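Engineer: Before we start, here is the structure in question, set down as structure tokens.
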Amino acid sequence: MDKNEILREAKTCVLLFGLVCLLSLAYPFFVTFVAETTMPNQAHGSLLYVNGTLVGSELIGQKFTSPAYFHGRPSAVDYNASNSGGSNLGPTSAKLMDQVRERVKQVRSENGLPANATVPADLVLASGSGLDPHISAASAFLQVPRVAKARGLPEFDVRVLVDRHIEPLQFGIFGQERVNVLKLNIALDELAGSRMR
């Protein structure tokens, strides 16, 4: 290999390196521009505000424990958004079965259900991320009597509120009908506030 050939190869390598560097900077800027232009709410994290105050993201579940609010799925990471993850306990795990039995008892107790009442799986099993913002429509309707009683609202009004917040199947075919817990609880506060005025 002569000196000119080495220089030509080196020049090609430097040009390719420069092109890769340029593209690695241009691509994120392009994607960010497209996202900001076409879907600004999602590009900023689908944040929800109440009276100008940030209350959360519609994509990340939160922990609600008050009887006056709808409760979401259990979380293996206690809803820590910086450390999402599941418990890694499988269906044959005795520890998981103990957790589920305890959660079933808690759901029945909190909601005044009989000892043999069926409890939806999503109220006793944590999601893979530990941050699932949704519960099934059945899980929301199960909690209506408790929430209505704690708020001093008619059950019918709370049931209608849940009904209005049911989201359809993903793309019309995937998953199940679901309810975003944070959005529902925000609407519940608005409903209760309008009753108090």
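The values are calculated or read from the model by the stated rules, or taken from the named source; none is laboratory data. Because the structure is predicted, anything quoted here is derived from the model rather than measured. No Cβ is skipped: glycine too gets one built from the backbone with ideal geometry, and neighbour counts run over all protein chains shown.
Engineer: Output yes when any residue across region 30-40 is surrounded by 13 or more Cβ atoms within 10 Å (Cβ to Cβ) and touching a residue at least 12 places away in the same chain (Cβ under 8 Å), and no when none is.
Structural biologist: Checked region 30-40: no residue is surrounded by 13 or more Cβ atoms within 10 Å (Cβ to Cβ) and touching a residue at least 12 places away in the same chain (Cβ under 8 Å).
Engineer: Pick out, from region 132-197, the helices (runs of 4 or more DSSP H) lying fully within it that include 2 or more residues that are within 25 Å of Val77 (Cβ to Cβ), touching a residue at least 40 places away in the same chain (Cβ under 8 Å) and not acidic (Asp, Glu).
Structural biologist: Filter on region 132-197 gives 137-151, 181-196.
Engineer: Mind checking which pairs have a first residue in region 100-117 that is more than 18 Å from Ala76 (Cα to Cα) and a second that is exposed (fewer than 15 other Cβ atoms within 10 Å of the Cβ) and modelled with pLDDT of 90 or more, Cβ under 6 Å, 6 or more apart or different chains?
Structural biologist: Once the first residue is more than 18 Å from Ala76 (Cα to Cα) and sits in region 100-117, its partners that are exposed (fewer than 15 other Cβ atoms within 10 Å of the Cβ) and modelled with pLDDT of 90 or more give Arg108/Ala117.
Engineer: If you don't mind, there's one more thing I want to ask. Check region 46-56 and report whether any residue there is modelled with pLDDT of 85 or more, loosely packed, with under 12 Cβ neighbours inside 10 Å and of a type in the set (Phe, Trp, Tyr).
Structural biologist: Yes, some residue in region 46-56 is modelled with pLDDT of 85 or more, loosely packed, with under 12 Cβ neighbours inside 10 Å and of a type in the set (Phe, Trp, Tyr).
Engineer: Is it true that some residue in region 122-130 is over 19 Å from the mean Cα position of the chain (by Cα) and surrounded by 18 or more Cβ atoms within 10 Å (Cβ to Cβ)?
Structural biologist: no
Engineer: Among the candidates Arg159, Arg197, which residue alone is at pLDDT 95 or above and basic (Lys, Arg)?
Structural biologist: Checking each option against the conditions leaves just Arg159.
Engineer: Please go through region 60-102 and pick out each residue that is in a helix (DSSP H, G or I) and either of a type in the set (D, E, K, R) or more than 21 Å from the chain's Cα centre (by Cα) (or both).
Structural biologist: Ala94, Lys95, Leu96, Met97, Asp98, Gln99, Arg101, Glu102
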